[in-house]
Amino acid sequence: MANVRAIRTHIKSVESTRKITKSMKMVAAAKLKRTQQSMNALRPFAAAARDMLARLGEDAAASSGAYTAPREIRRVCYVLFVGNRGLCGVYNTALVKFMEGRLESEEHECFLLVVGRWGREQLGAAHLPVEETIDDIPDAPSEEDAQRLAERIKAIYRAGEADEIILVYEEYLSALRQEPTALRLLPLAAAAEQGEKTPLILEPDAETVTDALVELVLDSTVRAVLLEAKTGEHTARMTAMTAASDNTEQLLDKLRLELNHARQSAITTEISEIVGGANALEEGKHE
């Protein structure tokens, strides 16, 4: 009976785990829907802003603005987008491994601005040069959250704390595939549009339009990357929790089978003891 009780206790524990993993899967799916809708809605807008900046071509490239003027690279800031928590497969660890590889090949002084609450201990163990952590970005970031992050990144660049800003995040390719990616944000290089250019009439003047467009491109890029990172995180967590739920189902089937065998064995033992006791009584009567 002791073995039967132990198996029943194990089954209750696995059933509790299954409830948790299914709940986390449902929560991740709900958050994924919100962030994916926002990401898909923003992508055309961000692409249009970059295309417009490219149409300005030489005017934008020659601008002496704070974000487009060329600089000598002495110090690099990596903005590392990690999740707010774990239980999402290799999502976070793949980013850390990718970041370590980037730093090993980096020739300049570097520091990290980490966006996300996950892994303070893990990041410390990896000996990454983290100087600042922004850990109050929610799982479904709003436009205001993205704008606040963009302003902090731009402030670092304007203050001269870094001469180059690189965003490191998981690029969302599909529901089953995300890849660590590095995207240079600043200084902003406006590539001239290929082919014949249509003359543009800019009001009030080219400099004002270019400055406003540069700000728009930077803000939309940061928001797009943030949404893409969050979409990848929720997808990875939903996939991990689906696998965990499937594993608990398989384990429950195995434990229930073991329980039936244990109960049958206990019943067989009890019957054997009863039969043995009855035979002993019969033998005693005949004596």
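The C-alpha atoms of the chain define a longest principal axis, and helix 143-158 lies at about 50 degrees to it. Among the GluC sites (Glu not before Pro) found in the stretch 8-114, those both in a DSSP coil and sparsely packed, with 13 or fewer other Cβ atoms within 10 Å of their Cβ, are Glu72, Glu106, Glu107. How far is helix 206-286 tilted, in degrees, relative to the longest principal axis of the Cα atoms in the chain, given as a value from 0 to 90 rounded to the nearest 10? The answer is roughly 0 degrees. The value for the chain of Rg(Cα) / (2.2 N^0.38 Å) is 1.58. With respect to the chain, whose longest principal axis is taken over its alpha-carbon atoms, helix 91-105 is tilted by about 50°. Around the amide H of Val115, modelled in the peptide plane, lie the amide H atoms of Leu80, Phe81, Val82, Ile134, all under 5 Å away and 5 or more residues distant in sequence or on another chain. Per residue, the average separation of C-alpha pairs within less than 8 Å and at least 6 apart gives the chain a relative contact order of 33 percent. Take the Cα of Ile271, step 7 Å toward its Cβ, do the same at Phe111, and the gap between the two points is 7.7 nm.
Any chance you could tell me what percent of the C-alpha pair distances in the stretch 1-46 go past 14 Å? When all Cα pairs of the stretch 1-46 are counted, 68 percent exceed 14 Å. Label sites at His261 and Thr93, each approximated as a point 7 angstrom past Cα along Cα to Cβ, lie 3.1 nm apart.
The phi torsions of the stretch 84-90, fed into the Karplus equation with coefficients 6.51, -1.76 and 1.60 and a -60° offset, translate into couplings of 7, 7, x, 6, 9, x, 9 Hz, rounded to whole numbers, with Gly and Pro shown as x.
What is the fewest-to-most order of Tyr67, Tyr78 by other Cβ atoms lying within 10 Å of their Cβ?
Tyr67, Tyr78
Taking amide H positions as modeled 1.01 Å from N, with prolines and chain starts lacking one, the residues under 5 Å from Val130 and 5 or more places away or on another chain are Leu112.
Every number in this text was worked out from the coordinates using simple rules, so none of it is lab data. The structure presented is a predicted model; accordingly, all values stated were derived computationally and were not measured. Every residue, glycine as well, gets a Cβ built from its backbone with ideal geometry; the counts of neighbours run over all protein chains shown.
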